[in-house]
Amino acid sequence: MMAQEACLQIQRQETRNHSDSPTGCRTLWDTIRCWHRAEVGQVVSVSCANISLLFTNHPGFIYRNCTKDGWTDEYPNYLEACEDHEYIEVESEKTYRSNLKQLYTAGYATSLISLISAIFVFTVFRKFHCTRNYIHINLFSSFTLRASAVFIKDGVLFSDEDTDQCLAVSCKSAVAFFQFSILANYFWLLVEGMYLQTLLALTFVSQKKYFWWYILIGWGLPTTIIMVWVLTRHVYYNRGCWDDDADVAFIWWLIEGPITASLLVNFVIFMNVIRILVQKLKSPGVGGNDTSHFMRLAKSTLFLIPLFGMHYMLFAFLPEQIGAEARIFIELGLGSFQGFVVALLYCFLNGEVQAELKKRLWKWQTQNYLRYSKRRRTLFTESSTVTQISVLDKSSPNQQAGPQTHTVPLNAISSV
């Protein structure tokens, strides 16, 4: 408004000084910039840095020619000449993060529903109560906690209700719970690898005696680590919402160290399991040719990758700044569907689970059919009885004047 008022004042001054028609082009306000008087044939340029505050400092220029017919249109236009590339990059990053959030929200929601269903199947049916499925249930529970923690953390950190929320206990608790769920998930992936390794290496050893060790590793170690992390954060770096561990290396490694170690151990177990599978496929007792052996090995490997979390190995030992976008996409975008894939492969696509569900479905349909048939027979019998009594009543000769009474012979009732 100040620039417009100054430009209009110049226009009024020119009008007073030149009562007759002046040569050239008069001062012009084009709602953005003031173009000062110029002679015919003169080319006037302005910098984007001088265009009020609607645009940022940008090394671009806009030009106008003064002709005998007046000012020409500006070229290039303001949007093209003064385009803020930094603003475009920020908007592009916002769009990327928004799309990524929608992706991992859909992934975690899908995983949450499928994991809860898988836990229900393994818990309700007694046939599936065994050490292997108990470990699967705990793994599914860790994935469920991870998905829930993501939703809780997003809801607390990105809430607009409280400007000082990052200093609140609820915010720090949400981040601590999120870190615990991440640790528990990685350690239960490690337990799955350890269990499979033990199952292949020690065939005749009872697995029940190792189960409580698995519980200690899967839930006990993450609990201990997160308690140490919370105390360390509170004492040495009690700032913000506790979601900036990268600023302090030793606090960052309190979480990343155990996760990296679990991934490294799981990678060694994964390679050893593949080696054992190759040996078993090459044994004389296994039929088939090399192609069938390779296909079975490839199928087994693909099945084991989500169970062992091997896709996290791509960036496990690289610095945070290397491949940041790819890391975020894999850990959040693809990793959010890991729970769904694990529940699908190790529960709903399992032959025993499918057979049991089909059996229960057939049994339920049969029981419903039998109940329906029994109800129909009962209704049919009652209807037949009422019809026969009605017929006997109509054919009875014992009808007297006055109030009508119906007497049914005793032999008729006995026949009914």
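The values are calculated or read from the model by the stated rules, or taken from the named source; none is laboratory data. Predicted model only: the values in this text are computed from it and were never measured. With ideal geometry, Cβ positions are generated from the backbone for all residues, glycine too; neighbour counts draw on all protein chains shown.
Odds and ends about this structure:
- Looking across 305, 322, 330, one residue alone is at pLDDT 75 or above and aliphatic (A, V, I, L, M). It is 305.
- Residue check for residue 62: among the hydrophobic types (A, V, I, L, M, F, W, C) and at pLDDT below 80: no
- Selected residue (criterion: modelled with the lowest pLDDT) from residues of segment 92-114 that are among the β-branched types (Val, Ile, Thr) and touching a helix residue (DSSP H, G or I) at 6+ places or on another chain (Cβ under 9 Å): 105
- Filtered residues of segment 234-252 (kept if surrounded by 13 or more Cβ atoms within 10 Å (Cβ to Cβ) and without any contact (Cβ under 8 Å) to a residue 24 or more places away in the chain): 237, 244, 245, 248, 251, 252
- Test: residue in segment 394-416 that is modelled with pLDDT of 55 or more and surrounded by 10 or more Cβ atoms within 10 Å (Cβ to Cβ): no
Conditions (1) surrounded by 14 or more Cβ atoms within 10 Å (Cβ to Cβ); (2) modelled with pLDDT under 90, marked per residue:
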{"site": "142", "(1), (2)": "yes, no"}
{"site": "161", "(1), (2)": "no, yes"}
{"site": "166", "(1), (2)": "yes, yes"}
{"site": "171", "(1), (2)": "yes, yes"}
{"site": "185", "(1), (2)": "yes, no"}
{"site": "197", "(1), (2)": "yes, yes"}
{"site": "212", "(1), (2)": "no, yes"}
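- Subset of segment 12-25 (residues that are modelled with pLDDT under 85 and either surrounded by 12 or more Cβ atoms within 10 Å (Cβ to Cβ) or within 60 Å of the chain's Cα centre (by Cα) (or both)): 14, 15, 18, 22, 24
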